[in-house]
Amino acid sequence: MRSEFVCKNFGLGFHKPEAFCESQWRWPRVVFVLYRLLMSGYSVFAFTHMVVMYRQNKHGHSVMAWLTTWTFLVETVFFLLGAILALLHFSRPGHFRSGDGTEGAVAESRPGHFRSGGGAEGAVAESRLRHFRSGDGAEGAVAESRPGHFRSGDGAEEAVAESRPGHFRSVDGAEKAVAESRQDKGRSVELGHFVYTNDGSTNGTSDALETSGHGGGLQNQVGSFQNGSSKKTSSVAFIASQEPGSNPTPKHAASLNEGLKPRKGDLETGAPSECENAPRSACMAWYLQAYWVLSNVIQVFAFIVTFVYFGALYSADESLGLPDINVHGLNSVMILIDNVVCARPVRLLHGLYPLLYGSLYVIFSVIYWSTDKVENVLYENVLDWNQAGISTGVSLGVAVIAVPLLQLANLGLYKFRLCLHDKLYGEQYL
């Protein structure tokens with residue numbers, strides 16, 4: 001539990017993006033997609049039916065003035081986006097796959113690609129330029145003149161670049177340089193790497209090419225490299241060629257020596273992942289972050305709407321129509337089912353997002369009430385600003401008690417779900 005109270009847990013980074021697109025349980029993907037389509041379809045129907053019936057009955061307030069409408073609209077968008085993500089994951093299985101923490105979108109350019117199940121994002125092979133990204137946070141590019149090749153094994157990129165005798169390997173997502181110095185027809189071949197920061201400038205590239213020297217031998221060996229991301233620190237492997245009798249410049253020697261030094265954690269535990277050293281939001285696409293925010297809001301406020309309606313507003317002598325059942329009752333049932341079925345994670349500090357949502361509605365209700373203090377009372381004895389003390393007390397009670405308790409309950413359900421998954425399948429999901 002102590003790990004939940006870390007400032008970075010306010011953020012929206014997560015090391016396993018596919019958790020937002022698949023079931024916690026080993027269902028066939030098509031079954032999960034059908035489930036998502038069913039939930040989103042019914043949500044759209046229920047919201048549309050509620051709006052149509054409300055307008056036919058000609059109530060005094062706008063349909064969009066109610067917290068119920070706001071919340072069910074959020075729920076509808078949440079289920080629609082969830083269905084889109086499930087379809088995308090079904091049609092392009094590698095799009096969200098990571099394994100150890102990063103999105104595994106795989107791009108191809110002519111020759112082909114490989115995927116790593118152990119945390120790698122993918123590889124792009126192009127004519128004479130091989131580019132791979134490591135799921136443990138380092139990105140690299142290796143160009144081979146002719147004989148080199150890439151291998152992927154055991155869920156980790158293992159890149160092998162050969163220019164006759166030299167080679168290097170990447171294990172578990174961390175570049176591990178192995179330099180060999182052999183004499184082959186009077187030519188010494190060595191391997192190194194350097195680290196550069198891609199901030200939009202070409203300094204990293206020019207510095208790398210300056211290290212070649214010696215008649216441009218390195219440029220002829222390596223060609224060019226590319227980094228598709230911005231403002232990331234990347235480790236780039238290169239092969240340096242030195243003619244007999246020539247001495248590398250200090251800059252060249254420093255680059256080679258740096259390349260041959262094992263970095264902390266490379267051999268024992270693997271290099272730190274990008275998700276650990278960089279903002280963890282870098283591991284999540286914006287639409288996954290938006291989906292996570294919606295889930296945090298709706299898995300709290302769906303239950304608040306249900307509890308407030310049946311606890312303070314509903315009278316037993318009133319009849320319940322289908323719209324009321326959908327937006328005040330089934331809304332919570334659908335969210336509870338979704339929390340059990342889906343692999344979506346929960347963080348305790350994400351209770352911040354329903355707090356912001358609730359605060360926004362309170363501000364709206366004050367503004368709406370101020371335009372007509374007699375007619376624009378939405379929830380009598382609950383959120384009636386003619387009785388400011390009661391309304392303030394209710395608002396603070398929701399913020400200080402209801403939201404934290406519901407978020408804690410959702411976290412408990414999530415932890416129980418992970419524990420049950422481990423028991424059923426004999427392996428950890430995360």
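The values are calculated or read from the model by the stated rules, or taken from the named source; none is laboratory data. Small disclaimer: the values here were computed from a predicted structure and weren't measured. Positions of Cβ are generated from backbone atoms using ideal geometry, with glycine treated the same way; all protein chains shown enter the neighbour counts.
Details
- Matching residues in the stretch 8-31 - criterion: being hydrophobic (A, V, I, L, M, F, W, C) and without any contact (Cβ under 8 Å) to a residue 60 or more places away in the chain: Trp27, Val31
Residue-by-condition table, conditions (1) at pLDDT 95 or above; (2) exposed (fewer than 12 other Cβ atoms within 10 Å of the Cβ); (3) closer than 30 Å to Tyr425 by Cα:
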residue	(1), (2), (3)
Gln24	yes, no, yes
Arg29	no, no, yes
Leu37	yes, no, yes
Ser43	yes, no, no
Phe47	yes, no, no
Tyr54	no, no, no
Lys58	no, yes, no
Leu67	yes, no, no
Thr71	yes, no, no
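- Of all residues making up the stretch 3-36, the number that are assigned to a helix (DSSP H, G or I) and more than 22 Å from Trp286 (Cα to Cα): 8
- Residue in the stretch 71-88 that is in the same structural domain as Leu294 (by TED's automatic domain parsing) and farther than 19 Å from Ile298 by Cα present: yes
- Search result, residues across the stretch 38-82 that are assigned to a helix (DSSP H, G or I), more than 19 Å from Ile325 (Cβ to Cβ) and either of a type in the set (A, V, I, L, M) or free of Cβ contacts under 8 Å to residues at least 60 places away in the same chain (or both): Met64, Ala65, Val77, Leu80, Leu81
- Residue satisfying condition, being surrounded by 11 or more Cβ atoms within 10 Å (Cβ to Cβ), in the same structural domain as Arg36 (by TED's automatic domain parsing), farther than 23 Å from Leu294 by Cβ and touching a His at 6+ places or on another chain (Cβ under 8 Å), within set Leu313, Leu322, Leu420: Leu322
- Scoring Val377 on the criteria (1) under 21 Å from Trp66 (Cβ atoms); (2) modelled with pLDDT of 95 or more; (3) crowded, with 17+ Cβ neighbours inside 10 Å leaves a single failure, condition (2).
- Just one of the listed residues (Val63, Val6, Val51) is within 30 Å of Leu420 (Cα to Cα) and either out of contact with any Gly (no Cβ under 8 Å at 6 or more places or on another chain) or β-branched (Val, Ile, Thr) (or both), and it is Val6.
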